[in-house]
Each structure stands twice: as structure tokens, then as C-alpha cells.
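Since the structure comes first, as C-alpha cells, the remarks are kept for the end.
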Amino acid sequence: MARSGTQQTDACFFVTGGTLRHDAPCYVERQADRAIFEGLRRGEFCYVLTSRQMGKSSLMVRAANQLRRQNTQVVVIDLTSVGQNLTPEQWYDGLLVRIGTELRLEDELERFWLERTRLSPVQRLFAALREAVLPRLRAPLVVFLDEIDTVRSLPFSTDEFFAAIRACYNQRVEDPEFHRLTFCLLGVATPADLIRDPRTTPFNIGRRIELTDFTRAEAAPLADGLHVGRWAASTTGTELGGLLERILYWTSGHPYLTQQLCRALVEGDRAGTHPPSIVDTSQLADWLCGELFLSPRACERDDNLLFVRERLLRSEADLASLLGLYQQIRRGESVQDDEANPLIDDLRLAGITRSNAGVLEVRNRIYHRVFDDEWIQANKPDAALVKPDGERVPIRGSCTIGRAPTNDIVLLGDRVSRRHTQIQAQQQNEFWLVDLGSSNGTYHNGQRVVQPVLLRDQDQIDVGQFRLIFRQTQRGHAAAGADGVSDKTIVDFRL
């Protein structure tokens, strides 16, 4: 890493995409660098599970290089390179081929694979590690598996793969050779994502490496790269420090956003595109931030902002609950960090929040500005009920259903009570079905409603002789193949 005060002439000092070289001058060393190296050197299984563009792969490359200098054998596998449209045998064989290539054991491992066809693919892979790889190595072996979240796109379950990795750790008690085999997993996932079958023991081993945003002290060497360019060359070290401070004001040390702002400053300075009226470093950082991240056009083209948006809006979690929780955090309400809460996991993996002394907060001012209340409201699911005559009744606070004309939805049937049932909208835009003491009861998916029930898309509601289908999909994101039709939340009435 470059030291403070040195002059840089490399136009590519700042890197905003891809994996950094282990000796890249803009690499910012964090606590995670020391933690992962020490953990793997001691043989601890480690995992780095966090949002995109946090520097996971660069951290891995740097740790792998340090381990090699300590005479440790290292294998690095990017799981995206193995492929997706594969059979289990092809996928596990692909992993073994990459291990053989990196360790120069291609022929031995190919023979091992072909001679043990009676074993399942996962058995062959891990038997090869124990019987064909470890005996040929004198040094410890660390296997890095990057982009582990891509396994969720495979046409088969990989629960047994991660269960086998866990078994390698557990077998150290009986087989000392397994002490020489260590795994490091990296990706956008949670430990619960690795083994999803509830009947299988969860992935509960290893050391979690927290990859945090840059602190001000850690980011200080980035000021070296700001010396490049006509404007920066005439600026004092104190002013450059102030410029970096203002950049961190917006990014809070987010690796990608910080590097991107720094790089844009240098390139714009060199090209002479900064407005000549800007003479103050804070004004320059603010103007650049607006150009890069805060304008409507920027929100549609920046890779990081697009990832955060899509990760939130296409989450498998209930969108209304997820956005409602984020809105609480954005408004400064006290929401405790809870790793057992899947909604908090989704926010964390989207990268939009972080924990500060156990309380969640929006990660930086850029996200706070881009993903504001207007954005939340624009993407919350719509809610409406459609009467039998086709009239759409939006759900605001509540919607009552019954025989009396004062109800929002009137159903004229001899088994329908005057005030039969109600759908209530809660603060997080959740919709609950409540029976109002009807004579014949309200039924939700075939079960009589005794206490309030949270409604989900495609839930079935029976009121007397009427059958209602609750529909709730995301506003503004048409289903695949739809011709730009806005999705709505509706109730479809069927007799």
C-alpha cells in the first residue's frame, strides 16, 4: 500500500470493479485482513458472508498470497466458473478438476474419480481430498470457495456439499489428517442459506469474518491517489485530507462507493470536467456525489445502487414487511440487530443497513438519499379489493366485508353476516384477515379463522358461499412476459 505523502502517477490508482491485486496501491487493509489470515493459518474454518462490492474477493486474494508465503498450499475456486446448467456429477467433477489443476495433481485426481463410480459425486470429491490430495501434500491445504451464493441457481440441492465441508471439520477429532484441510467460504449468503433442509443439521461451524466499511484511519492512505491531476496537484495535504473526509461523509467508508468517488475526482480533474466555479473541496465532493449517485439517471446505471435495489425488491421475503422494516430504520426508530430475523438478514445482504452498537442504521448518506421515503412508497405493494361488479376498492386502513350496505365490500348471501370479516392494513403494509364474530365463520386456506391471520399472495378466503383469492404483488414490476402491466393487490371473487 502506498504511504501518505508519496506522489502517484498511475491513472488506475483507484479500482472500482473486479478483484484487486494483492499489492494494489489502493487496497485498504482492515481488521478482517488480519482476522482471516490468522484464522486460516491456525486451521480455523472461516466464512465471509456479506453484501456485494465489499471487497470479499480482494480480501481472499490477499489472504491467499500471505498463506502461500507461509508455505501453505492454497486452492482458489470461483464457483461461477464451474457452471450452472450441470448434473451433480459434472459439478463435483468440475470442482475436483480445478483442485487438481491448482495442485498439479490432474492425472491422479482424474484416475481417482474414474475408479470410484460406485460412490456418489459428493463422496468422490471429499474422498479424493482425503485419500489422494492430503497424502501427497506435506503442507496444510486451504481451499477458498468464492461466490458460494451461486449454488442456489444449480438445478439440484447442494445441502450435502456444505454438510460434507462441516463433516471435514468434525472428523478432526478422529482423523488428525483433517487438521491439514481448511475451508474458507465467501459470498452473499447467510449460514442458514448453506444448508436449507430443516431436517439436516445447519451449517454451524467456523469463524465468521466481519468485513466492515473503511474507518477513517484505514482509508487515510487513499489520499495518496488524490495527488494525481491538475486540480489536486495544487492542493495541500491538509486540503486533500479534507476532501477525503468529505467523501467519507457521503460513503461512510463503503469500499466501492469510496473508490468510485475518489476515481471520479481524479479522472474529472485530469479531463478538466469539474465546474470551474467549484473551489472548495467539500463542494467538489458534494457535486461529484450528486453526479455519480444521487441523480435519477445515476440510480439507473450505477452497479451498486442497482444491486441494492434489485436485492431488496426481488427478495424471497414478504416485500411489504421488508420495506416496512427498512422504513422504520431509516426514520431512526430503534431496531435491534437480530441474526435470527430473516428480514434483517435480507437488509444486511442487500448492504443497505449496518449495525452500530447493536442497533441498525442506514449504511451511508448515499443510500439514505437514494432509497428514501418516496422510493419506499413507490415500491410498496398496492392493496385493493375488487367487488363482484368490477369496482376496485383500495385498502387504506381497513376493508370490511359483509351483507350490510355499510361494508366496503357487500356480499349478498344467506350465509354472510351483516359484518362478517375485515382485512386490516398494518404499519408495515401487511394485510391481516380478522373474523368479526360471524355466524358461519371466515375460512383462510380451508382453516377457520380464530385469530388474526397474515395474508399472503394467492391465499384463499371463504366468506359464506363466496370464495376470494387474495393477490399481492409488487407495484411497478410486471411479471415476466407481461407487457408493462402494473401489478396490483386484488381480491378475485369466485362463487
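Before moving on, here are some points about what is shown:
- Residue within region 262-275 that is surrounded by fewer than 17 Cβ atoms within 10 Å (Cβ to Cβ), in contact with a Leu (Cβ under 9 Å, 6 or more places away or on another chain) and not acidic (Asp, Glu) present: yes
- The lone exception for Ile395 - which of (1) at pLDDT below 85; (2) in contact with a Cys (Cβ under 9 Å, 6 or more places away or on another chain); (3) among the aliphatic types (A, V, I, L, M) it fails: (2)
- Just one of (1) over 32 Å from the mean Cα position of the chain (by Cα); (2) in a loop (DSSP other than H, G, I, E, B); (3) modelled with pLDDT under 50 fails for Gln451. It is (3).
- Answer from Pro176, Pro202 - the residue that is open to solvent by 20 Å² or more (accessible area, probe 1.4 Å) and at pLDDT below 90: Pro202
- Restricted to region 162-210, and to residues there that are small (Gly, Ala, Ser) and assigned to a helix (DSSP H, G or I), the residue that is farthest from Ala64 (Cα to Cα) is Ala192.
- A single member of Leu134, Leu103, Leu141, Leu119 is within 28 Å of Pro155 (Cβ to Cβ) and not aromatic (Phe, Trp, Tyr), and it is Leu119.
- Taking every residue in region 8-23 that is modelled with pLDDT under 65 and pairing it with any residue that is in a loop (DSSP other than H, G, I, E, B), at least 6 positions away or on another chain, the pairs with Cβ-Cβ distances below 6 Å are Gln8/Val228.
- Taken over region 111-131, the criterion of being within 36 Å of the chain's Cα centre (by Cα) and farther than 21 Å from Arg68 by Cβ is satisfied by Trp113, Leu119, Ser120, Pro121, Val122, Gln123, Arg124, Leu125, Phe126, Ala127, Ala128, Arg130.
- Cβ separations smaller than 9 Å between residues 6+ apart or across chains give the following pairs from region 205-227 residues that are farther than 24 Å from Arg348 by Cβ to residues that are charged (D, E, K, R): Pro221/Arg3; Pro221/Glu29; Asp224/Arg3; Gly225/Asp10; Gly225/Arg263; Leu226/Asp269.
- Test: residue in region 46-59 that is over 30 Å from Thr258 (Cβ atoms) and part of a helix (DSSP H, G or I): no
- Residue check: Gly100 meets all listed conditions (1) out of contact with any helix residue (DSSP H, G or I) (no Cβ under 7 Å at 6 or more places or on another chain); (2) modelled with pLDDT of 95 or more; (3) of a type in the set (Gly, Ala, Ser) but one, namely (1).
- Near pairs, Cβ below 7 angstrom, 6+ apart or cross-chain, from region 354-383 (open to solvent by 20 Å² or more (accessible area, probe 1.4 Å) and assigned to a helix (DSSP H, G or I)) to any residue that is modelled with pLDDT of 95 or more and among the β-branched types (Val, Ile, Thr): His368/Val362
- If you go through region 94-145 and keep only what is open to solvent by less than 10 Å² (accessible area, probe 1.4 Å) and touching a residue at least 60 places away in the same chain (Cβ under 8 Å), you end up with Leu141, Val142, Val143, Phe144, Leu145.
For (1) surrounded by 19 or more Cβ atoms within 10 Å (Cβ to Cβ); (2) at pLDDT below 90; (3) over 17 Å from Leu261 (Cα atoms); (4) not acidic (Asp, Glu), each residue gets a yes or a no:
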position	(1), (2), (3), (4)
Ser282	no, yes, no, yes
Ala285	yes, yes, no, yes
Ala298	no, yes, no, yes
Asp303	no, no, no, no
Val308	yes, no, yes, yes
Arg314	no, yes, yes, yes
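- Hey, Leu186 closer than 30 Å to Arg104 by Cβ, surrounded by 18 or more Cβ atoms within 10 Å (Cβ to Cβ), of a type in the set (A, V, I, L, M) and in contact (Cβ under 8 Å) with a residue 24 or more places away in the chain or not: yes
- Here the condition is being modelled with pLDDT under 90 and touching a helix residue (DSSP H, G or I) at 6+ places or on another chain (Cβ under 8 Å); of Gly229, Gly187, it holds for Gly229 alone.
- Only residues that are hydrophobic (A, V, I, L, M, F, W, C) and under 23 Å from Lys380 (Cβ atoms) were counted in region 402-453, giving 8.
The values are calculated or read from the model by the stated rules, or taken from the named source; none is laboratory data. Since this is a predicted model, take the numbers as computed values, not measurements. Note that we place each Cβ from the backbone using ideal geometry, even for glycine, and neighbour counts take in every protein chain shown. What goes into the accessible areas is simple: the full protein's heavy atoms, side chains included, and nothing from ligands, DNA or RNA. Shrake-Rupley method; radii C 1.70, N 1.55, O 1.52, S 1.80 Å.
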